[in-house]
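These notes are about the structure you will find just below.
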Amino acid sequence: MKLTLLLPGLCWLDAHDGAEVGKGLSVPALQQLLGKGVLQRREQSHAECLGRLWGAAPAGLARIAAAEAGLDAESGDWLFADPVHLRVDRDRALLADVGVMQVSQDEAVKLTDALSRHFGEDGLSFHPAAPGRWLLRSDKPLRARFTPLWDVVGEDINRHLPQGDDGLAWSRMLNELQMLLYTQPINDEREMRGELAVNSVWLWGEGEGEPGAWRAPAARLLADDEALRLLAERTGMRVDAAPFAFGGLEPGDDCLLALDALQAAAQYRDAWGWRETLERLEGDWFAPMLSALRQRQLEQLTLIATGPAGFELTLTPSGLWKFWKRPLPLAALY
């Protein structure tokens with residue numbers, strides 16, 4: 001079996017601090033994998049990485065999600081309008097997604113109803129497909145490009161505002177939407193409970209999709225990301241949840257595993273959480289994968305990390321016999 005492990009957050013996103021943040025970590029199996037494999041440096045965003053894996057950009061996911069939700073996906077243009085929390089930090093506005101918020105379906109329905117009433121005259125309607133996954137339908141062509149949520153969480157949104165002919169108009173719409181959400185009683189109630197307010201949405205997932213251009217990178221996808229699962233299903237991959245450890249990975253056909261265990265800690269610059277999770281992955285994943293390669297239970301391992309210090313590593317059982325290749329310290333990734 002060939003295993004491709006996509007591990008966003010494996011490389012610290014602020015590359016200039018990466019060596020210091022990873023200092024003193026005990027991850028000998030990971031260092032063995034890094035040292036023995038063929039490592040190719042590749043700075044890339046998460047969305048760019050998915051485009052490389054599937055052979056074309058992951059466009060049109062919102063329309064696909066609308067069809068899955070039983071909405072009239074063929075009419076109008078569609079976007080994800082995922083609920084988020086924006087926090088002003090000096091001269092930046094940082095974005096947090098539902099990974100750090102609990103939003104109920106009742107709250108989602110009431111908030112999207114308010115948005116639809118307000119923006120209905122502009123030909124916009126909001127649909128809560130799930131508590132943390134909202135959809136926006138526009139009667140008019142979008143005429144703008146949007147940055148995928150994958151690449152914005154924990155980042156300054158001012159660097160990722162809508163672009164294109166109507167990009168400025170969509171930015172103004174978002175400002176108006178944020179003022180409307182600020183007045184919603186639901187957000188007052190959330191803050192009284194000590195929860196983050198839903199004070200904005202993030203628009204992304206535009207396009208028609210390119211099912212003819214997409215190709216399945218493996219026979220199976222194991223992932224918890226719903227948008228990623230949509231892409232996999234459209235290319236005929238068998239889809240299941242990601243296991244908690246290598247021991248839960250069933251042998252069989254070649255597999256793409258998207259493991260998000262490090263992603264949130266890296267995005268929110270939680271250095272202690274990132275270090276703790278990486279050492280846990282050493283026991284749950286890296287050491288068992290190294291053992292599986294030695295026993296030839298894995299025919300090939302490809303390890304992909306995204307971000308400024310991203311890379312793609314390929315390792316086969318024969319590579320472990322290259323005694324002259326030494327373990328690679330994590331600091332060498334930066």
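The values are calculated or read from the model by the stated rules, or taken from the named source; none is laboratory data. Just so it is clear, the model here is predicted, and its values are computed rather than measured. Neighbour counts run over all protein chains shown; Cβ positions are idealised from the backbone, glycine included. Protein only, heavy atoms only, side chains kept; ligands, DNA and RNA dropped before computing areas. Shrake-Rupley method; radii C 1.70, N 1.55, O 1.52, S 1.80 Å.
Considering (1) open to solvent by 80 Å² or more (accessible area, probe 1.4 Å); (2) at positive phi, the lone condition that G236 does not fulfil carries the number (1).
Residues of the stretch 270-288 include at least one that is part of a loop (DSSP other than H, G, I, E, B), without any contact (Cβ under 8 Å) to a residue 24 or more places away in the chain, within 15 Å of G9 (Cα to Cα) and open to solvent by 40 Å² or more (accessible area, probe 1.4 Å).
Look at (1) surrounded by 20 or more Cβ atoms within 10 Å (Cβ to Cβ); (2) modelled with pLDDT under 95 and you find that R90 fails only one, number (1). Across the stretch 51-63, the qualifying residues are those that are in contact with a helix residue (DSSP H, G or I) (Cβ under 6 Å, 6 or more places away or on another chain) and open to solvent by 10 Å² or more (accessible area, probe 1.4 Å), and the one among them that is farthest from L228 (Cα to Cα) is A57.
For the stretch 68-80, which residues satisfy the criterion of being open to solvent by 50 Å² or more (accessible area, probe 1.4 Å) and not in a loop (DSSP other than H, G, I, E, B)? Hit for the stretch 68-80 is E68, nothing else. Looking across A108, A96, one residue alone is closer than 14 Å to Q184 by Cα and not charged (D, E, K, R). It is A108. Applying the criterion of being touching a residue at least 12 places away in the same chain (Cβ under 8 Å) and open to solvent by 50 Å² or more (accessible area, probe 1.4 Å) to the residues of the stretch 162-171, the residue that is nearest to D91 (Cα to Cα) is Q163. If you go through the stretch 107-154 and keep only what is surrounded by 22 or more Cβ atoms within 10 Å (Cβ to Cβ) and of a type in the set (K, R), you end up with just R137. Every condition in (1) open to solvent by 70 Å² or more (accessible area, probe 1.4 Å); (2) under 19 Å from P83 (Cα atoms) holds for W204 except the one numbered (1).
Criterion applied to L249, L222, L262 was being without any contact (Cβ under 8 Å) to a residue 40 or more places away in the chain and either open to solvent by less than 30 Å² (accessible area, probe 1.4 Å) or among the aromatic types (F, W, Y) (or both), and the one residue passing it is L222. For residues that are more than 20 Å from T277 (Cβ to Cβ) and touching a helix residue (DSSP H, G or I) at 6+ places or on another chain (Cβ under 7 Å), scanning just the stretch 15-43, find the one that is most open to solvent (accessible area, probe 1.4 Å). Among residues in the stretch 15-43 that are more than 20 Å from T277 (Cβ to Cβ) and touching a helix residue (DSSP H, G or I) at 6+ places or on another chain (Cβ under 7 Å), the one most open to solvent (accessible area, probe 1.4 Å) is K36. Just wondering, is there one or more residues in the stretch 220-234 that are among the acidic types (D, E) and closer than 22 Å to Q32 by Cα? No - not one qualifying residue is present in the stretch 220-234.
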